[in-house]
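This report refers to the structure that appears directly beneath it.
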Amino acid sequence: MKPIRVGVIGVGVMGERHCRVYSTMRGVEFVGVFDANPTRGHEVAEKYGARYYNSTADLLREVDAVTIATPTPHHFDPAMEAFLAGVHTLIEKPLAYTLEQGRTLLDAAQRSGLIVQVGHIERFNPAFTELKNVADDLPVVAIMIRRQNSFDASNKDVDVINDLMIHDIDLLLNLVGQPVEKVTALGRTVLNGAIDHCVADFCFKDGPVATLIASRITQTKVRTIDITGLNAYVQGDLLSKSVAISRRVMSQYQGAKYRQETVVENIHVPMAEPLLLELQHFVNCIRENRQPVVTVEDGLKAMRYAAQIVELVQQTSQPAYPTAPDRPMAAAEPAAAKG
């Protein structure tokens, strides 16, 4: 089996993680990297036994596939360059810096005939996979998703919606799979002029209601999904990779002084690294010439709802603390970052 030659453009924290995983994958030849900082690029390339290239063009001539893990404002140009070079592409989330760029990338990806995947990594979290299997067999009434960080651990260049909540917008849309009827949102600016805490409510046509909470002023890291269904309550934790189902049973025990109203099932969740699963899926899609589970359309859809939520918050909310340092809030078509 001929190895698939891969490279990475942008080797910051997330880009280096891609390098680490690619360098260990069977059926993959990790060729090299490009980064705007040559010192950093040489350092990461040497660490993972690859070559540093002086330009994206030089790297793209040597690979079959590439990850683009640059800062979000710099996704568009290397992605378009990769499409023109005929190179399969994984673009880290979010897809692009603006909706206009996202729409252009979608059109170009469709015309290219290449495998193009967006890096919404939580889709490959084994806890989410098992939780979705449970939800598929459950009449779902309500969903609550929380994603919270401390401020120091967050990306401070953009608002919390595009830093954190965009992950859960994608998960929610995939989990429900029905048209959204209405979105409402409230938020607060606390520390640096951008939105730091946001609550967004989604109402689905003929489906559940859902609440997404994203915060970067919480001192505990939280990644949870709770599903309320008929006669069952499902709790998923994406950090501990656990899923538990509480079911109503109402069993009366003969001669006992108690009755059991609820039974809890702990679902087995395989221990696997989401990034490895994500990149293996990307490589398999290239080898088998099939579309990835996270498409460019998915990435653009998550961006659209993120932009809508930002606009709603700007229209309805005021800074929580007027003394917070002045800093422009994100626009309706905001920058978005990894988180």
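The values are calculated or read from the model by the stated rules, or taken from the named source; none is laboratory data. All values reported here derive from a predicted model rather than from experimental measurement. Counting neighbours? That spans all protein chains shown, and the Cβs are built from the backbone with ideal geometry, glycine included.
What the table shows:
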| quantity | calculated |
| --- | --- |
| Region 163-210 - residue that is basic (Lys, Arg) and either in a strand (DSSP E or B) or outside the structural domain of residue 236 (by TED's automatic domain parsing) (or both) and, of those, surrounded by the fewest Cβ atoms within 10 Å (Cβ to Cβ) | 182 |
| Condition met for residue 333 (touching a helix residue (DSSP H, G or I) at 6+ places or on another chain (Cβ under 8 Å), acidic (Asp, Glu) and either modelled with pLDDT under 95 or crowded, with 17+ Cβ neighbours inside 10 Å (or both)) | yes |
| Residue in region 76-86 that is touching a Phe, Trp or Tyr at 6+ places or on another chain (Cβ under 8 Å) and of a type outside the set (Gly, Ala, Ser) present | yes |
| Residue within region 103-124 that is more than 14 Å from the chain's Cα centre (by Cα) and either closer than 30 Å to residue 190 by Cα or in the same structural domain as residue 304 (by TED's automatic domain parsing) (or both) present | no |
| Evaluation of residue 11 against (1) loosely packed, with under 14 Cβ neighbours inside 10 Å; (2) in contact (Cβ under 8 Å) with a residue 40 or more places away in the chain (one fails), failing number | (1) |
| Region 161-183, residues that are without any contact (Cβ under 8 Å) to a residue 40 or more places away in the chain and among the β-branched types (Val, Ile, Thr) | 176 |
| Any hit, region 34-51, residues being buried (at least 24 other Cβ atoms within 10 Å of the Cβ), under 18 Å from the mean Cα position of the chain (by Cα) and in contact (Cβ under 8 Å) with a residue 24 or more places away in the chain | no |
| Filter result for the condition that a residue is out of contact with any Phe, Trp or Tyr (no Cβ under 9 Å at 6 or more places or on another chain), of a type in the set (Val, Ile, Thr) and more than 23 Å from residue 207 (Cα to Cα), over 121, 115, 145 | 121 |
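So that you can scan it fast, the table gives a plain yes or no per residue for (1) farther than 25 Å from residue 310 by Cα; (2) outside the structural domain of residue 164 (by TED's automatic domain parsing); (3) modelled with pLDDT under 95; (4) among the aromatic types (Phe, Trp, Tyr):
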| position | (1), (2), (3), (4) |
| --- | --- |
| 22 | yes, yes, no, yes |
| 25 | yes, yes, no, no |
| 29 | yes, yes, no, no |
| 38 | yes, yes, no, no |
| 53 | yes, yes, no, yes |
| 79 | yes, yes, no, no |
| 90 | yes, yes, no, no |
| 96 | no, yes, yes, no |
| 100 | no, yes, no, no |
